[in-house]
Amino acid sequence: MSRKHLVVADTQVKPNHNLSYMSAIGEYIAHKKPDVIVHIGDHFDMESLSSYDKGKKSFEGRRVIDDLKAGHEGMRLMMEPIWRVQENQRKAKKKAYNPEMIFCLGNHEARADRFANDNPEFTGFLGTAQLNLEQYGWSVYPFLKPAVVDNINYVHFLANPFTGKPYGGNALMQLKTVGCSFVVGHKQLLDVSLRPTLDGKMQIGVINGACYPFDEDYKGHQGNNHFRGLTMLHEVEDGFGLPSFVSLDFIMEKYGK
């Protein structure tokens with residue numbers, strides 16, 4: 001039996017930003033009720049642990065505790081509409097909505113592990129395990145370990161096994177390289193490719209790496225002009241699903257408060 005998968009692209013929650021977009025995403029999920037929810041990673045932005053910005057003026061004032069508070073608040077805002085639906089169904093003695101929930105850790109969450117590795121005195125105090133995403137109902141997959149659901153590989157990005165760096169190229173090139181269906185985030189764009197295989201089946205490759213409303217200073221004006229939104233795969237079965245996409249602008253207009 002086919003299922004419906006919803007992929008939440010990189011939400012990159014950080015301090016001092018309006019997090020209403022997280023509530024709107026949660027309302028959208030609660031309304032559509034997908035069978036599977038996959039967060040593709042980079043929910044906690046962890047800008048205080050950015051090695052790229054270290055020593056620059058933009059780094060001043062950043063604090064790990066603020067990053068953690070913002071990330072947990074954003075996750076709570078997204079989950080509350082789902083919890084509300086579940087509670088209402090329980091009160092009405094109906095079958096509760098209980099989606100399969102998978103979180104694929106991204107390179108921004110992995111900053112916490114990298115910092116602890118470089119500073120061993122923080123081991124057990126700071127790291128991806130200490131984010132405790134399981135408390136929200138997620139099955140958490142380590143950074144770059146694919147979660148295979150209905151024969152579709154979900155992972156933050158596809159890594160070259162010789163370098164550990166993300167594969168370059170568009171979705172079609174990556175689909176040809178890895179030879180199996182995938183959905184990834186990381187790149188701030190939307191790119192999709194479908195291809196038939198000799199056994200009469202279909203494969204799909206999707207890159208969807210942004211679902212946040214703010215601009216990033218380092219990307220400049222043109223770099224910030226990219227798709228922001230979610231991916232839905234319908235009729236998912238045996239490594240293929242029919243893709244549709246919804247913009248964050250639409251989600252906030254229809255489901256925002």
At R0 = 30 Å, FRET efficiency that the Cβ-Cβ distance of Phe245 and Asn132 yields, to 0.05: 0.45
Ellipsoid equivalent to the range 55-200 - semi-axes via the Cα gyration tensor, in Å: 29, 28, 14
Alpha-carbon centroids, the range 98-117 and the range 179-211: separation in whole Å: 21 Å
For peptides 83-93, 244-254, sequence by mean Cβ density within 10 Å, most packed first: 244-254, 83-93
Packing-based ranking, highest mean first, of 106-118, 131-143 given that Cβ atoms within 10 Å are counted: 106-118, 131-143
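Could you give the size of the charge dipole of the range 74-181 about its Cα centre, using +1 on the Cβ of each K and R and -1 on the Cβ of each D and E, expressed in debye and rounded to the nearest 20?
540 debye
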Cβ crowding within 10 Å averaged over residues, with 224-237, 194-207 ranked highest first: 224-237, 194-207
Ratio Rg/Rh [Cα only; Rh per Kirkwood] for the range 1-99: 1.10
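Roughly how many debye, to the nearest 20, is the charge dipole of the range 135-232 about its Cα centre, given +1 on each Lys and Arg Cβ, -1 on each Asp and Glu Cβ, and no other charges?
Numbers: 8 positive and 6 negative charges, 46 e Å.
That gives the range 135-232 a dipole magnitude of about 220 debye.
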Considering only the chain, percent of DSSP beta bridges that pair antiparallel, nearest 5: 55 percent
Where N is the number of residues in the chain, Cα Rg divided by 2.2 N^0.38 Å: 1.01
Accessible solvent surface per residue of the range 130-210, calculated while the other protein chains remain in place, 1.4 angstrom probe, Å²: 49 Å²
The range 91-161: relative contact order in percent, alpha carbon pairs under 8 Å with at least 6 residues between: 36 percent
As computed over the range 208-256, the Cα convex hull volume per residue (Å³): 92 Å³
Nearest-20 debye value, the chain charge dipole, Cβ charges on Lys, Arg, Asp, Glu: 520 debye
Choice from Asp215, Asp35, Asp191 showing the highest fluctuation, given a GNM over the chain with Cα pairs closer than 10 Å: Asp215
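The values are calculated or read from the model by the stated rules, or taken from the named source; none is laboratory data. Since the model is a prediction, treat every value here as computed from it, not as a measurement. In this analysis, Cβ positions are derived from the backbone assuming ideal geometry, glycine residues included, and neighbour counts consider all displayed protein chains. Protein only, heavy atoms only, side chains kept; ligands, DNA and RNA dropped before computing areas. Shrake-Rupley method; radii C 1.70, N 1.55, O 1.52, S 1.80 Å.
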